[in-house]
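To keep things clear, I will list the structure first and then write my remarks on it.
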Amino acid sequence: KYTKEDVRQKNIVKFVFGGLDGEAGNEGEVVVKLHPEWAPIGAARIKELVADSFYDGCRAFRVLPNFVVQLGINGDPAKQKKWSKNLKDDPVKTTNKRGTLTFAMGGKGTRTTQIFFNKKDNKFLDGQGFSPFGEVVSGMEFVDKIYAEYGERPNQGKIQQQGNEYLETKFPKMSFVKSGTFVSNVDGLEGDDVGDDAGDDRGEDAGDDRGDDVEEASFH
């Protein structure tokens with residue numbers, strides 16, 4: 001589908017989400033500008049995953065309204081295993097502000113395929129080694145509509161073992177990525193300008209309403 005040169009040159013990815021607000025047929029497009037200058041290793045891995053259609057069908061299995069939306073365990077356990085090799089860490093060069101995307105990890109050198117959208121300014125993650133690799137340039141309002149009622153209830157081990165069969169049975173309203181594809185432009189938006197919808201609705205509680213359970217939560 002994509003040549004190696006295509007993948008090397010393209011830095012804009014469009015994610016189409018389905019099941020927004022837990023409703024079948026409710027969809028929205030989220031456009032992400034990748035920043036290899038922020039996190040070259042992470043950005044390169046994301047490009048490889050998009051080229052392999054890895055995120056197609058992935059469920060947003062961890063959604064915390066005042067923190068993050070996390071996804072990136074493939075619905076097919078065999079495909080997930082294909083991408084199980086850990087990445088080396090990227091130094092943190094920019095902050096985890098609202099609208100940025102970052103790899104989840106359980107410690108140093110443990111990044112693989114799971115990513116999260118920062119829903120608030122999560123500056124405290126910077127000091128823990130979480131290095132953003134991209135930012136939403138349009139469609140952040142759809143990230144905010146990703147179904148949140150399941151919180152952190154889905155069991156990641158069961159997702160790894162059973163894939164989407166487990167999630168579709170136990171969590172039928174879960175929002176998901178219909179497709180993740182490279183696009184050539186963003187209708188005139190500059191890649192280094194996060195749209196107003198991505199950055200201006202944080203509110204005064206952006207950094208204070210995570211709760212102890214969120215602040216101490218680890219990424220896997």
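The values are calculated or read from the model by the stated rules, or taken from the named source; none is laboratory data. Since we're looking at a predicted model, the values are computed, not measured. Counting neighbours? That spans all protein chains shown, and the Cβs are built from the backbone with ideal geometry, glycine included. Side chains are part of the model used for accessible areas, which takes the heavy atoms of the whole protein and leaves out ligands, DNA and RNA. Shrake-Rupley method; radii C 1.70, N 1.55, O 1.52, S 1.80 Å.
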Restrict the check to the stretch 50-59 and report whether at least one residue is touching a Phe, Trp or Tyr at 6+ places or on another chain (Cβ under 9 Å), of a type in the set (A, V, I, L, M) and part of a helix (DSSP H, G or I).
-> yes
What pairs can you find where one residue is in the stretch 114-138 and touching a residue at least 40 places away in the same chain (Cβ under 8 Å) and more than 20 Å from Ala60 (Cβ to Cβ), the other is open to solvent by less than 30 Å² (accessible area, probe 1.4 Å) and assigned to a strand (DSSP E or B), and their Cβ atoms are less than 8 Å apart, with a gap of 6+ or different chains?
-> Ser131/Thr102; Ser131/Phe103
Read through the list (1) open to solvent by 40 Å² or more (accessible area, probe 1.4 Å); (2) over 15 Å from the mean Cα position of the chain (by Cα), then give the number of the only condition that Gly107 fails.
-> (1)
Only one of Asp21, Asp6 is part of a helix (DSSP H, G or I), open to solvent by 10 Å² or more (accessible area, probe 1.4 Å) and out of contact with any strand residue (DSSP E or B) (no Cβ under 9 Å at 6 or more places or on another chain), namely Asp21
Within the stretch 15-45, how many residues turn out to be under 17 Å from Cys58 (Cβ atoms) and among the acidic types (Asp, Glu)?
-> 2
The stretch 76-99 - residue that is open to solvent by less than 70 Å² (accessible area, probe 1.4 Å), of a type outside the set (Asp, Glu) and under 16 Å from Gly127 (Cα atoms) and, of those, nearest to the chain's Cα centre (by Cα) = Asn96
Mind counting the residues in the stretch 115-164 that are assigned to a helix (DSSP H, G or I) and not basic (Lys, Arg)?
-> 16
Only one of (1) open to solvent by 20 Å² or more (accessible area, probe 1.4 Å); (2) among the basic types (Lys, Arg); (3) more than 12 Å from the chain's Cα centre (by Cα) is not met by Arg59, so which one is it?
-> (3)
